[in-house]
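Take a look at the structure below.
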Amino acid sequence: MATFLYRLGRTAFRRRWLVVLLWAVLLGGLGAGAATAPAADDSGTSFMPGIEAQKANDLIGDRFPGRDSDGAYARVVFVAPKGEKLTQDGHRAAIDKLVDEAGDGSKVESAVSPFAAGAVSEDATTAYAQVTYKVKADDLTAADKSALEKAIGQARDTGLTVEVGGTALSSTPAAGGASEIVGVAIAAVVLLITFGSLAAAGLPLLTAMIGVGVSMAAIMAVGSLFGLTATTGTLATMLGLAVGIDYALFVVSRYREERAAGKQPAEAAGVAVGTAGSAVVFAGLTVIIALAGLSVVGVPMLTKMGLCAAGAVVVGVLVALTLVPALLGMWPNATLSRAVRRGKVPRGGGENGGSRWARFVLRRPVPVLLACVAGLGVIAIPAAHLELGMPGDEAKPTSTTERRAYDDLAQGFGPGFNGPLTVVVDAKGVADPKSAAGEIAARLKDTKGVVSVSEPRFNQAGDTALFSAVPSTGPNDESTKSLVQHIRGERPALEKETGATFEVTGSTAMNIDIAQALQNALLPYLAVIIGLALVLLLLVFRSVLVPVKAAFGFLLSVLASLGAVVAVFQWGWGASLIGVEQTGPIMSLMPIFLVGIVFGLAMDYEVFLVARMREAYAHGEPAMSAVTSGFRHSARVVVAAAVIMIAVFSGFIGAGESMIKTIGFGLAIAVLFDAFVVRMALVPAVLALLGDRAWWLPGWLARVLPRVDVEGTGLRTGEAEGARETETVRV
C-alpha cells in the first residue's frame, strides 16, 4: 500500500500539469452535464416503505386518485381583537374578502371560508381558512404568492390578527447565515496558525472545494436517472468539505515534515502520500462504511444521501492522493513556513506540545482514563431518555408567522388540532361499507383522548372512507403516541365486528412511525458499521485491542453527544444561550446522522493519530516511546482538524431553524468529545496501560491477514527504491 501510494504521489508531483488538467476537465465536463441534465423527480418515492402510516398513504393514493397530498397549502389563521368576535359584520366581511382574493390565483385549487367550513372556534375568537394549490410549494412563484400576501396585509389593516401556516408561504431557513461564515473564517485562521503559511492554509480549502464541486456536479448530472435531488446532496456537501479539508491537511502536514527533515520536494511528496496517504485511504474507507451502512435503515432518501456522501468521500480521497501532490509540485516551497524556508528549524523536529501532553498522560494513565470514562458517562446519562419526533411549526421561533399560527390554533381549537389523525377505512368486499365506516368512526370518537371525529368521506367506488380524529394533546406529546398505539390496538376487534379494516396516518402518525422505525434501526446500524470498521482497523493496525479500543471510544463520544443534545434541546438546559425557544423531541433522523458522520470523523482522527504510533513501533521504538512519537508528529494536525470541524459545525447553531441548530450543536459537541477527550486523552491512557500488548496479534491471524503496510515500512527498507528516479526539481 505505502509503496504504491508513494509512486502515485511522486508521479502526480512530476506530472503536475497533466493531473491538474485532468481534474479541470473532469470538473468542467461534469459541470456541463449537470447544467444540461433534467431535474430529478422523486415525488413518487415513499419516505419509509413498510410503516403503517406510509401504507395508509399509499392506499389513499390508490383509492382516491384525484387527491394530491403533495400540493401546497396555506392555513390562514384569524384572531379577533380582545373582547370582540370574528362573527361581527366587519370582521366577517374582511375574512370573506381575503378568501375571495386568495382564490383568484391560476394555481389555486380551492379557498374555503371558515364560516362555510365550520372552522370557527366555539367562542368565535379564532378561525382559519384553507387555501389549497394545484402544484407543490417549490413550483409557486413570487407572483403566485402575491395575491395571498396582499390579501393578508389588507385583512391585518382592519385590526385582525392574521398568521399563516402551511407550505405555500413558508421559506426554507438558511443553514447558518452569518455564523456559518464565521465558522469557515475560523477554519481558515486555524489552518493559517497551524501551518504559518497562506499557501499551506489555502491549499486544503481549495482542494476540498474542488472535490465538493466534482461530487455535486456528478450528483446533479445523474440526478434524473437515480432520483437524486439537491436535498440528497446536502450530506455529500457537508462531509465532502469536512473530509476534504482533513485529508489534504494530513498530506500537506506530512509533506512539510519530510521537507523539514531535508528531503527533496518530489521525494517528500512521495513519502507524504505513501504514509499519510495510506492513513487517508483507510480513514476514508471507514467513512464510506458508515455512510453506505445508512442503507440498512430502510429509508430510501437516507440511502441515497448516504451513497452520495460516500461518493463525495471517494472523490475527497482521490483529490488528496493526486491533486494535492500535484499542487505541491507547482509551489513546492510556498507551503512551507517562513522559518523552514529560512532554514531555522532543526531537522528531525523536537519536543512540542503534543509530545509533552503524551508524556503527561503516560505518567498517570489510570486517573486520565477514569476521568474520561466517568466524565463522558455522566454526560451520556440523558441519552437514556431520548425521545424522537419530527418537530414542526411549534419548534420554530416565535418571530415566524408559522409559529404564531400554530400557537393561535392550539389556543383556539386545542393542542391536538395541529396534528389530526387521518383514518382510512378499507371496506372493500363489505356488504355495507357506510355502516362499517360509521361504526369505526363512532368507536374512535368514544376513545379517551379523542376530542372530535369528522364525518367519513367515501371514494367514488364507495369502498374506502376517510375521516380525521383530533387528539386532545399536541402532535409531539407522549400521550398522542399512546393514543395512536391504542387506536391501532382496537383494530382486530373492530375488524371482527364490522368486516372492514382501517389504518392511521397523517403527519402526526407518520412522525410517530418514522421515529419508532429509526429508533429500532439505530442499534443494527451501529452493529454493522462498527463490525465492518473493526475488520478494517484490524487490517490497518494488525492489532486486536487497538480496534476494540477505537470502537469503545467512539461509542462513549456518541452517547455523550446524544446526552448533551437531549439535555439542551429536550430538557432545555442552557437552551436560551443558543437561541432555542421551544424544547421537545429530537428530530428522528438526528441520531442516525450523528452516528454516521461522527463515526467517520472519529475514525479519521484515530487512523491518522494511531498510524503514526504504529509506524514508530514498527520501526523499532518501544511501545511507550511510540505513543509519544505519534503525538509529536500528529497531535497538532489532529487538533487543528478537530477545531476546524467544530468551527464549521458550530456555524449551524446560529440558524433560525431548531432542527438545523440541533444538527450543528450535536456534530460540534461530538467532535469536541471525540477528538479532545477520546483520541487525545483516552487513547494514550489505554495504550500506556497495554504497553506492547496493544500491538498483539495471534500468530494464526497474522498469517491470514494481508499486510497492507500503512506504516510505510517498505519505504524505509528499500522496497520503494526502484520507484525513485533521480531528477532535478527547480524550486
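A few points about this structure:
- For segment 51-83, the candidate set comprises residues that are assigned to a loop (DSSP other than H, G, I, E, B) and more than 24 Å from V164 (Cβ to Cβ); within that set, the residue that is modelled with the lowest pLDDT is G66.
- Each residue in segment 267-298 was checked for being surrounded by fewer than 22 Cβ atoms within 10 Å (Cβ to Cβ), small (G, A, S) and assigned to a helix (DSSP H, G or I), and 2 pass.
- Whether a residue is in the same structural domain as I379 (by TED's automatic domain parsing), at pLDDT 80 or above and farther than 24 Å from L556 by Cα was assessed, and P622 passes this test.
- Tabulated pairs, segment 591-605, first acidic (D, E), second buried (at least 24 other Cβ atoms within 10 Å of the Cβ) and modelled with pLDDT of 80 or more, C-beta under 6 angstrom, 6+ apart or interchain: D604/D246; D604/A283
- Checked against (1) in contact (Cβ under 8 Å) with a residue 12 or more places away in the chain; (2) surrounded by fewer than 18 Cβ atoms within 10 Å (Cβ to Cβ); (3) not hydroxyl-bearing (S, T, Y), E402 passes all but a single condition, namely (2).
- Selection within segment 528-545 - on the phi < 0 side of the Ramachandran plot, crowded, with 20+ Cβ neighbours inside 10 Å and outside any helix (DSSP H, G or I): S543
- Matching residues in segment 627-647 - criterion: being hydrophobic (A, V, I, L, M, F, W, C) and crowded, with 24+ Cβ neighbours inside 10 Å: V627, F631, V637, V638, A641, I644, M645
- Flag if A230 is buried (at least 24 other Cβ atoms within 10 Å of the Cβ), within 20 Å of the chain's Cα centre (by Cα) and modelled with pLDDT under 85: no
- In the set A371, A383, only one residue is in a helix (DSSP H, G or I), crowded, with 17+ Cβ neighbours inside 10 Å and outside the structural domain of S454 (by TED's automatic domain parsing); that residue is A383.
- Some residue of segment 679-692 being surrounded by fewer than 20 Cβ atoms within 10 Å (Cβ to Cβ), in the same structural domain as V558 (by TED's automatic domain parsing), at pLDDT 90 or above and of a type in the set (A, V, I, L, M, F, W, C): yes
- Flag for L86 being assigned to a loop (DSSP other than H, G, I, E, B), surrounded by 17 or more Cβ atoms within 10 Å (Cβ to Cβ) and either at pLDDT 85 or above or within 37 Å of the chain's Cα centre (by Cα) (or both): yes
- Within segment 140-167, tally of residues that are without any contact (Cβ under 8 Å) to a residue 24 or more places away in the chain and assigned to a helix (DSSP H, G or I): 7
- Residues considered: V287, V273. Of these, the only one that is under 15 Å from the mean Cα position of the chain (by Cα) and in contact (Cβ under 8 Å) with a residue 12 or more places away in the chain is V287.
- Among the residues of this structure, G474 does not count as one that is more than 27 Å from A515 (Cα to Cα), in the same structural domain as G506 (by TED's automatic domain parsing) and either surrounded by fewer than 22 Cβ atoms within 10 Å (Cβ to Cβ) or in contact with an Asp or Glu (Cβ under 8 Å, 6 or more places away or on another chain) (or both).
Per-residue answers, yes or no, for (1) within 25 Å of E490 (Cβ to Cβ); (2) modelled with pLDDT of 90 or more:
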| residue | (1), (2) |
| --- | --- |
| E387 | yes, no |
| D393 | no, no |
| K396 | no, no |
| A410 | no, yes |
| V424 | yes, yes |
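- Identity of the residue in segment 120-139, surrounded by 19 or more Cβ atoms within 10 Å (Cβ to Cβ) and assigned to a loop (DSSP other than H, G, I, E, B), that ends up modelled with the lowest pLDDT: S121
The values are calculated or read from the model by the stated rules, or taken from the named source; none is laboratory data. Note that the structure is a prediction, hence the values are computed from the model and not measured. Glycine gets a Cβ as well: all are built from the backbone with ideal geometry, and neighbour counts include every protein chain shown.
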